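Student: Below is a structure I'd like to ask you about.
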Amino acid sequence: MSDHLSIETPEQIEIDYSVAGIGSRFYAALIDIALLLPILLVGSYVYVRAASDLDESLGNWLAAIAGIATFALQWGYYMAFEITTNGQSPGKRALGLRVIKAQGYPISFSDSAIRNIVRVVDFLPLFYGVGMLTMLMNKNWQRLGDLAAGTLVVKEGAKASPNPAKAPTIQKSAFVYGAWIQPEQVIDRELIAIREYISRRESLPRLRRLQLARTIGSPIAQRMTSSDMIDYDVFLEEVYALKTNLDAD
């Protein structure tokens, strides 16, 4: 089974990924479970004490609350990290993995919610037994949660284009948008899309070039400024230069 995946985005930009297999995902899960273990132990302790030491009615209520709280915290752990760190729990970050949409885009809140609700089934009967079996049965190593949410786990950093674009040479004083561009907010997938655009733009009809520049640049610009008066062709040049050339300064 190949661990390479090529995705063509709606912008007609092809991005190559290395799909994470069972081994790297298993070790990432071990790290996350080790971090979650204190929560699980406290929840188990409360459940046992409530069931044995208190009045039966009150004990049942507390035990139920402890069980729900433990599940919510465990579910919320993955949700919180995947949403705030663009698809990476601490375990995935340590192993250089990331959750993305099957179309190559970052995951949304609903995507993370679905894949983590189904995690309960994937974990059965013990330590992702169902999940690992499902991963072995499909080419992109997706567990049930991934299949339900339309997500997959890839190794950090997509493969470079065979003919990568040369970073534009721009003097710092000539930057139009440099005052508010935040290159640290540009993720790997976006940087690759910008590079592909820069390498191909001269061969594109003007209208198609403007449309493609806006499609790629608009989501990035929205994270950095409220202005909509942007020449996206120039903006993408400057983002790419800041993220590559000027990083070495």
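The values are calculated or read from the model by the stated rules, or taken from the named source; none is laboratory data. Just so we're clear, the structure is a prediction, and the values are computed from it rather than from any experiment. In this analysis, Cβ positions are derived from the backbone assuming ideal geometry, glycine residues included, and neighbour counts consider all displayed protein chains. Just the protein is used for accessible areas: all its heavy atoms, side chains included, with ligands, DNA and RNA removed. Shrake-Rupley method; radii C 1.70, N 1.55, O 1.52, S 1.80 Å.
Student: Going by the conditions given, is D111 more than 10 Å from the chain's Cα centre (by Cα) and touching a residue at least 40 places away in the same chain (Cβ under 8 Å)?
Tutor: When the stated conditions are applied, D111 passes them.
Student: A further question follows. Just wondering, is there one or more residues in region 159-180 that are within 24 Å of S108 (Cα to Cα), open to solvent by 20 Å² or more (accessible area, probe 1.4 Å) and modelled with pLDDT under 90?
Tutor: yes
Student: Considering each residue of region 196-236, count those that are open to solvent by 30 Å² or more (accessible area, probe 1.4 Å) and within 29 Å of K155 (Cβ to Cβ), and give that number.
Tutor: The total comes to 6.
Student: Now, a different point. Of all residues in region 22-75, count the ones that are at pLDDT 90 or above, exposed (fewer than 15 other Cβ atoms within 10 Å of the Cβ) and among the small types (G, A, S).
Tutor: Summing the residues that are at pLDDT 90 or above, exposed (fewer than 15 other Cβ atoms within 10 Å of the Cβ) and among the small types (G, A, S) in region 22-75 gives 2.
Student: If you go through region 90-107 one residue at a time, do you hit one that is polar (S, T, N, Q) and either open to solvent by less than 50 Å² (accessible area, probe 1.4 Å) or touching a Phe, Trp or Tyr at 6+ places or on another chain (Cβ under 8 Å) (or both)?
Tutor: Among the residues of region 90-107, not one is polar (S, T, N, Q) and either open to solvent by less than 50 Å² (accessible area, probe 1.4 Å) or touching a Phe, Trp or Tyr at 6+ places or on another chain (Cβ under 8 Å) (or both), which makes the answer no.
Student: Can you tell me which residue within region 138-156, out of those that are out of contact with any Leu (no Cβ under 7 Å at 6 or more places or on another chain) and charged (D, E, K, R), is most open to solvent (accessible area, probe 1.4 Å)?
Tutor: The residue in question is K139.
Student: Within region 130-159, how many residues turn out to be small (G, A, S) and either farther than 19 Å from K92 by Cα or in contact with a strand residue (DSSP E or B) (Cβ under 7 Å, 6 or more places away or on another chain) (or both)?
Tutor: 3
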